[in-house]
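Working notes for the structure below.
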Amino acid sequence: MATCQPAFDLARVGVDTLATGLEVPWDVAFLPDGRALITERPGRIRVWSPTEGILERPFWTFDRVGDQEVGLMGIAAHTRADGRVEVYTAVTLDHTGGPPLQAFLKGLGRRIARTFTAEGGQPRSLHILRFGVEPGVDVGQAPDSLVRLVPVGHLHGGGAIDIGPDGLIYVTNGDGAEPPRAFDTTTIAGKVLRYHLDGRPAPLDPDAQVPWVVRGLRNSQGIGWHPMTEQLVVLEHGPTGMLQEDGQVGNDELNVVSLGDDLGWPVVAGASRGGDLLSPAVEWTFGIAPAGLAIAGIDDVAWGPSALVTGLKDGRLRRVHFDPSDPSSFACQEPILDRGYGRLRMVAVAPDGSLWVGTSNRDGRGGPRAGDDLLLRVYTREAVAPPTGP
Ligand SMILES: [Ca+2]
């Protein structure tokens, strides 16, 4: 992937700190009333208010979520036809514990709790939960449980969730550190999965055992849609040399896919060598640990049309320009934040055209600094609005 010419002038970038003291901010949902809901991986949904900043009291707290690479992850807002606002979250719940989980289930009510009943002794499960959001109310009510998925690992647990241009829920699940599962269409591991807003499966093939739309993933933590073609765009963490990965390392990916594609894992990481396996549009041969993806559209004055990608490992936020002459590929890439904040995970395009970026220095693999984790607001002179808020 070529570096953009002329090089982006980093002096054009402004950075505000919107919040400090967060713990692994993973994703954000912007609400129509100007507030935002931010997930923290250990299990809290936090409220950011345009007048008060980040609120101490969470919108919701999960008592027992999965550890290591999973927990509370993606969140996506949706406004219904009747104007009511809902958010959908992807959370891995841990079933190995006692009282906290039972209390949580009791709190959800018996009807919902049935869907959490232990299934084959699975130690954890990935859930799609839906919260209603009332205007001006900063504390949530018990969510609806829409989907419960097993198996899910505490490594490579996916967790990206968004609502597509087709009005359906897309959620990612990684291979759970068991690579062969990624191409096995009888399991949810290593897939992008699709559901209706009420939780019913929305498979490509009505006879499919699981509603997968993309397979062959090791661990995707970012999805979006191409601003011109509406094709699904899928980020992918390449291998890290685990024993079961035959020592392969690197080859992180950004893919522009057609539904039904096999992205190759574990047969190949990075470019395919012929056959039906999709080669990525962008490959980072030396791993960056791509953890966050946002898409800036063709009308985006400051950033678009491009994919914004964070790297945990290299600490960069980069802009990858879609190629206007070939929508399935990218033209060039350039850094927007070039280190200085430690590990970067969350990235989203805010309604005002700025980027909201979250550090991930408290995830157990970084070196936390004073004030971590940070929620940053990144903007340029071309942004449609000047910096606002507390
Ligand atoms: Ca691949």
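The values are calculated or read from the model by the stated rules, or taken from the named source; none is laboratory data. As the structure is a computational prediction, the values presented were derived from the model and not from experiment. Quick reminder, even Gly has a Cβ in these numbers, built from the backbone with ideal geometry, and neighbours come from all protein chains shown. Only protein heavy atoms, including side chains, enter the accessible area calculation; ligands, DNA and RNA are left aside. Shrake-Rupley method; radii C 1.70, N 1.55, O 1.52, S 1.80 Å.
For the reader, a short list of remarks on this structure follows.
- In the range 120-142, residue most open to solvent (accessible area, probe 1.4 Å) [restricted to those that are under 24 Å from residue 162 (Cβ atoms) and polar (S, T, N, Q)]: 141
- If you go through the range 276-300 and pick out every residue that is of a type in the set (Phe, Trp, Tyr) and surrounded by 23 or more Cβ atoms within 10 Å (Cβ to Cβ), you end up with 1.
- Of all the criteria given as (1) touching a residue at least 60 places away in the same chain (Cβ under 8 Å); (2) within 16 Å of the ligand (Cβ to nearest atom); (3) not polar (S, T, N, Q), the one not satisfied by residue 305 is (2).
- Residues within the range 229-270 that are modelled with pLDDT under 95 and within 17 Å of the chain's Cα centre (by Cα), tallied: 0
- Contacts under 7 angstrom Cβ, first residue in the range 282-301 being over 23 Å from residue 173 (Cα atoms), partner surrounded by 23 or more Cβ atoms within 10 Å (Cβ to Cβ), 6 or more apart: 296/303; 296/306; 296/308
- Within the range 321-335, residues that are within 14 Å of residue 296 (Cβ to Cβ) sit with their Cβ atoms under 6 Å from residues that are at pLDDT below 90 and surrounded by 15 or more Cβ atoms within 10 Å (Cβ to Cβ), at 6+ positions apart or across chains, in these pairs: 333/1; 334/8.
- Scanning the range 203-217 for residues that are open to solvent by 10 Å² or more (accessible area, probe 1.4 Å) and within 16 Å of the ligand (Cβ to nearest atom) yields 212, 215.
- In the range 55-78, the residues that are closer than 23 Å to residue 222 by Cβ and open to solvent by 70 Å² or more (accessible area, probe 1.4 Å): 67, 68
- Reported count of residues in the range 235-251, each being under 19 Å from residue 153 (Cβ atoms) and within 14 Å of the ligand (Cβ to nearest atom), is 7.
- Among the residues of the range 218-234, those that are within 16 Å of the ligand (Cβ to nearest atom) and not in a loop (DSSP other than H, G, I, E, B) comprise 223, 232, 233, 234.
- A search for C-beta distances below 9 Å between a residue of the range 75-89 that is closer than 15 Å to residue 138 by Cα and β-branched (Val, Ile, Thr) and any residue that is at pLDDT below 95 and not in a strand (DSSP E or B), counting only pairs 6+ apart in sequence or on different chains, returns 85/135.
- Scanning the range 185-196 for residues that are assigned to a loop (DSSP other than H, G, I, E, B) and within 18 Å of residue 125 (Cβ to Cβ) yields 186, 187, 188, 189, 190.
Okay, residues lined up against (1) open to solvent by less than 50 Å² (accessible area, probe 1.4 Å); (2) out of contact with any Pro (no Cβ under 9 Å at 6 or more places or on another chain); (3) over 20 Å from residue 11 (Cβ atoms):
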site	(1), (2), (3)
302	yes, yes, no
319	yes, no, no
344	yes, yes, no
364	no, yes, yes
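- Hits in the range 258-275 - residues which are more than 9 Å from the ligand (Cβ to nearest atom), without any contact (Cβ under 8 Å) to a residue 60 or more places away in the chain and buried (at least 17 other Cβ atoms within 10 Å of the Cβ): 261
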